[in-house]
Structures are given as structure tokens and as C-alpha cells.
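Working notes, beginning with the structure itself.
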């Protein structure tokens, strides 16, 4: 008998193989690793893996007006950068031929279930599904994997999870491809220009939320107000109890009443209050905390947490649970963590009984994020930060409630009421177990003061302006998406990342640029349903109900096609207007400054690929061009010397003038002809770049050949 275990990633396959057998032998086929386990009863187990998704969706006929008929095809057929995927498919195919039993050991969620199911169906054959059993685990420890292997159950029990995962992919494909195609086609028909624009089922409502906030900020009219403060001895500052005062005459009256008067302590109020224990991390709160502590983007945090899980250091991160059941072996995890000097004293200070504080949120598949007890070795600084964040939170769950105390002091200055307050930690409790949370709590010195005391006071006013609503950052927009029921815990970070990739938004404090804003304006004007949160949320609910067997995948997909028909019909009826408005927005989004000839400087994609450059909109009359380093972005700020835009480029990021000569202190380009271009045959000349002189083709931007002077001279010598 032969058994085939299919995991989601190579590292997981290694851990599964070594967990279920100490005699697993590593082999490879087409550079793909797999593991052979020969059992005493004469049977053989082969453990191998996918590399995430091996298949992607594709329209059966790209010539159809509406691309509704889709199929799963090998990923390397739709993404040429994923050629290596074919070797993994071939390896699974080779070893599946003689397998009598299959084990699906991909991540236990809808996405992982779909990955393994597609591998089985399209590589091993549909009949393999009846012979497949499912391993369910939340951590890659030996104990968890052995238990999951022993408790493997028929995959057919999870078919509704497959249907739910597949429905999400199909809906995202249908909405994304068809609406993006309709937008692009509308521009092409009106302008005869190909401009790639994109929309998405969740991406577009997310952009609409950000655009709504952008408009609130732009339309906001600041209003002046005043805060009145009293500076006392010992650097104490008290504020007038009225807070913001919008009437200047009232401010002047208060200042007049206080002039030359001492401050008298009229009342002191002290109180103690509890700071309750925290709850375990789920993915959203981990992402928010990592952003607050380290400035990590949610996507980066998710990637690090996933890799920590794959390495066996922490549990599965894509969970919404705040529960830690006893069967996880929590006391044993603490004992293992105590082997590290970093955590030992904190764990040894814990009092019996060791019961963690939990939150209300649950997850049908996984517990809250927690360390497994396996201590990380030789991980990067960023990985250690996320591991520490998870581990300190886990330890603090077993601590005691902290006690804080506050003091509020009321003052009378010339009949006007002022107040100030202080807060300090009375009993550290669980705060002593989590340094990240400890530093967030105010721990101030209380003044030595009693009721009836008087002190000198200097009263003054500060004029301020009301501020517009705060911009979202990547962490807060993900919290907003969760609150509104858009996307999933696994997809939200990627959705936000796509908006940056599409150049619709920019900045740590998210700014929607002109193109992103105009796209939403146009879509809302002609087809508001695509920007609607309600529609997106309804489909999210439908996808969840597929998993719960309350509705079928086919019913949801048919409903989506009906919804799309209405959206696309609206596009077809307004194609000219949509095309003109989208192209106008695209053209304006490319403008980065003014050319010396009077035209606009715009970002241009190189006709032969290889990146972007800045050129004049008056081309061919004006042939002024400026090269852009790979990954560079053009900033809104300008050079103090010449007025051209500054660019941001390189790692670490640095700024410089768009003009090479200006960036190099006025050093002139030599333009000496050095030979012929090996790619197009034109002259190559010595140019000046941000990193010194280099060889460049005179046919730029049509030809983007460049070389260091040394390499070019060496190549010339070799060709003689």
C-alpha cells in the first residue's frame, strides 16, 4: 500500500514527514523535494507539497464579450513568472499514480482546503477524492502533527469549505476581470489608447471608503478656537474646564478675570481603577499592534506571522479566535518558553491556577495566535519582534489585573475653573509581563499638593484650528473593513496592498490620488453598485453560508453574474462618457511638473518595457526626458535649485532632483560617443547618473540599454 501526503509548502512537508517518522528520507524529483517513509508493515508513505496555489482561473474564451465561463488551469500557464510550479505538478502526478490513499495536509481554512482539493482533482484525478483524508492542525509541532495524522477524517466532510473557497475565487475573478476589461475597453474605444485600469469586488468599495474620507478632508473648513492654560510651579500645566472656546470675547474675559491672580486648589479627587487583562491575539489585533509598535504594514505582519507558523514557532495566524482551549497544553508551552532567559522570570512569577484570560471572538477552525513553545533560532530582527509581541501577550494572559490610580486637581483662578490630572501604576499586575503594553500606560509623578494650597499662575491662551477627520493608515483601514464586514481576515491586507500597487493611493497616512478619486467618481456616477459596500457584504455573507451548507456555490455564482449584468449594461450604455472621464483622470494623474518648453512633464512607460521615465507631453516637438531609477517615485516637493520635482529611490530610500545634472551639483553630462549599442546598434554615450558616469544608448527612451563604463570597455575588448 502506498500513501501520498500533500502539504501546502515545502517546509510544512518536511515538518510533517519528520513528525510522523524518525526515518523519513529526503529525495528530490525535478528539483522538488519529497520524503520517503518505509513502514514496518511494508507500506510506504510519500510526503510532498504544493507551493501555495498550483492552479488559477482563466476564461475559456477571451473573445467573449463577458468573461463568465471560467476554468482552473495550471498556474504557470497564466503567470509566466511561475514556471517552477510545473515541476511541483509533475512531481505530484508522478507519485499519485501508485497511491492507494491520499492525505490532504494543507492549511486548515477555505483557501488551504481549496489548494489541496485542486491538486487532488486536477493532478491525481477526481477518483482520488474518495480516497483522501484530511489532517487538521493549528500548529506545526510534532505533537500537533501526529495527532492530526491519527485523527485524519474523510475529505468529503469538508467539501463545503472547498465550494466556499472556490466561490470566492470565481466571484473575485468575474468582478475584477469583467469590470476592469469594461473600463479599459471604454477608454480604448474613445481614445484609441490602451490604458490598463482595474476594479475589484472588495478593492473598489475599499477605495470608495478611502475616497469618501479624502473628500471629507478636502471639503473641511477649519474653524479657529482657543485653549486657555495656566502654567503653575513644578512644570504643572492646567487647562480651563471649558476646553475649546470658539468666542474670542469670552477668551478675553477669562484672561482678564485671571490676570494677576494666584491659583487656589479647590478640590482633589483621587481614585483607583483596574486595568483588566488583555485578550489573545487574532490576526486583526496582531496587525494593529505591530503597526503601532513597529510601523509594520499589515501585509508584512501577516507574512512574518505565517512564516513563524511554518517554522513551528507560533500557531496558525489567519484566525479570528480569542480563545485558548486547555487541550493546547498551555502549561507545557509556558514551561518550554521559560527555558529562555528573556521570558523565564516573567513566567516564574505567575500564580496558580494557570488559566488564560480570553476574549469573545471564536473561529471554527483555529484557536487564538500563540507561541508553540519552540524557541526561534537565528531569525531576523523583524521576525523576533513579531515573535516577542505574540509571546509577551500570551504570557500576560496568565497574569493578574493591574491597578492604576489617578488624581484630578481642580483650581480656582480669579473665579475661573481650571483642572489638571495625573495617572500612575499602583500595582503592575500583568503589565510587568508585557513590556510593549507597560510603556503605553501613563506612569506619572503625583505633585505634593493639598486642598487650599495657593500657587503662582501664569494664564495664557493658545489659538488653534479644528482639524479634519484623520486619514486612515494601513492598520486602521483594515479595522474599518472588518467593522463593515468587507473582505476576510486573510484578504484585507492584500486588498490594501493592491491599491498601492495600482497607484490609486500613496503614503503612510493614506492619500487617494487624483486617478483613484476620479475612478470612484466615475463608477459611482454610472454604476454605483460596484462601489457599494452592501453588495460586497451580501456576497461575503453568501460565501460564508456556502461553508455552512445553507446555500450552494452555483446559486451564489449565478447571483453574481446577474449582478454583473446590471453593472456591465450600465457601462455599455455610457461607454463614451466613461471612457472620456477615465482617460482624462489617467492623463492628469501622470503629470508631475512643468517642462521648460511650457508642456507638462508626465510619467511615461517605456515602449520596450523596462520601467518608466519622465518625458514632455509636447513630444515629439519637445524631446526632453529624465530617467527614473527602478522603483523610484516622483514626489510633490520640488528641487530648491531648479524647481523640478524630487524623486525618492533606492534602499534605504533617498531623495534627489529629477535632473541628474542638478542632483550631481551641476556636473555636466559629457555625451562622449563610446561605441555602438549591442541591442539596437545606435551610438552609446557617456552619461551622468545619480551614482556617477555610466554608458547609455542615444535611442533612449526607445532603447534603455545601460552599462557601467568598465563593463562596456571589457565587453568591447572581448569582441575584438
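Values in this text are rule-based calculations from the coordinates and carry no lab data. Predicted model only: the values in this text are computed from it and were never measured. FYI the Cβ positions are ideal-geometry reconstructions off the backbone, even for glycines, and counts take in every protein chain you see.
Annotations for the structure displayed:
- Once you divide the Cα radius of gyration of region 431-564 by 2.2 N^0.38 Å, the number left is 1.74.
- Long-range Cα-Cα pairs in region 366-446 (distance over 15 Å), rounded percent: 68 percent
- Where labels lie 7 Å past Cα in the beta-carbon direction, separation of residue 66 and residue 192 in nm: 3.1 nm
- Debye equation applied to the C-alpha atoms of region 508-630, log10 I(q)/I(0) at 0.09, 0.20 Å⁻¹: -0.46, -1.09
- Cα shape, region 103-145, gyration tensor, a/c 1.5 rule: prolate
- Summarising the label geometry, the points placed 7 Å from Cα in the beta-carbon direction at residue 340 and residue 39 lie 3.6 nm from one another.
- The Cα-based radius of gyration of region 385-500, divided by its Kirkwood radius, gives an Rg/Rh of 1.13.
- Straightening the chain between residue 480 and residue 143 buys 117.6 nm, computed as 0.36 nm per residue apart minus the Cα-Cα spacing.
- Once the mean of 1/r is taken over each pair of separate Cα atoms and inverted, region 171-255 shows a Kirkwood hydrodynamic radius of 18.2 Å.
- For region 51-93, diffusion coefficient by Stokes-Einstein and Kirkwood Rh (Cα), 10 °C, 1.306 mPa s, µm²/s: 141 µm²/s
- Over the C-alpha trace of region 443-520, radius of gyration and Dmax come out as 22.5, 64 angstrom.
- Average silhouette area of region 97-247, convex hull of alpha-carbon atoms, in square nanometres: 21.7 nm²
- Three-way shape call for region 595-666 based on the alpha-carbon gyration tensor, with the a/c threshold at 1.5: oblate
- When 450, 637, 314 are sorted by how many other C-beta atoms sit within 10 angstrom of their C-beta, beginning with the fewest, the order is 450, 637, 314.
- Size check on region 2-151: the Cα extents along the three principal axes, sorted descending, read 58, 29, 27 Å.
- Where both bridge residues fall in region 2-151, DSSP classifies roughly 50% of the beta bridges as antiparallel.
- Once the gyration tensor of the Cα atoms in region 283-396 is diagonalised, the equivalent ellipsoid follows with semi-axes of 21, 18, 13 Å, ordered largest first.
- Order of 683, 548 under a 10 Å beta carbon neighbour criterion, fewest first: 548, 683
- Helix-only arithmetic for the chain: the sum of -39500 (n - 2.57) across DSSP H runs with n ≥ 4, divided by the residue total, places the mean residue ellipticity at 222 nm at -11500 deg cm²/dmol.
- Most simply put, the chain has about 85% antiparallel DSSP beta bridges, counting only bridges with both residues inside it.
- P(r) weight above 42 Å for the chain, C-alpha pairs, percent: 48 percent
- Footprinting exposure proxy for 53, 366 (fewest neighbouring C-beta atoms within 10 Å first): 53, 366
- Per the Debye formula on identical point scatterers at the alpha carbon atoms of region 127-182, with no solvent, log10 I(q)/I(0) at q = 0.14, 0.19 Å⁻¹ is -0.58, -0.77.
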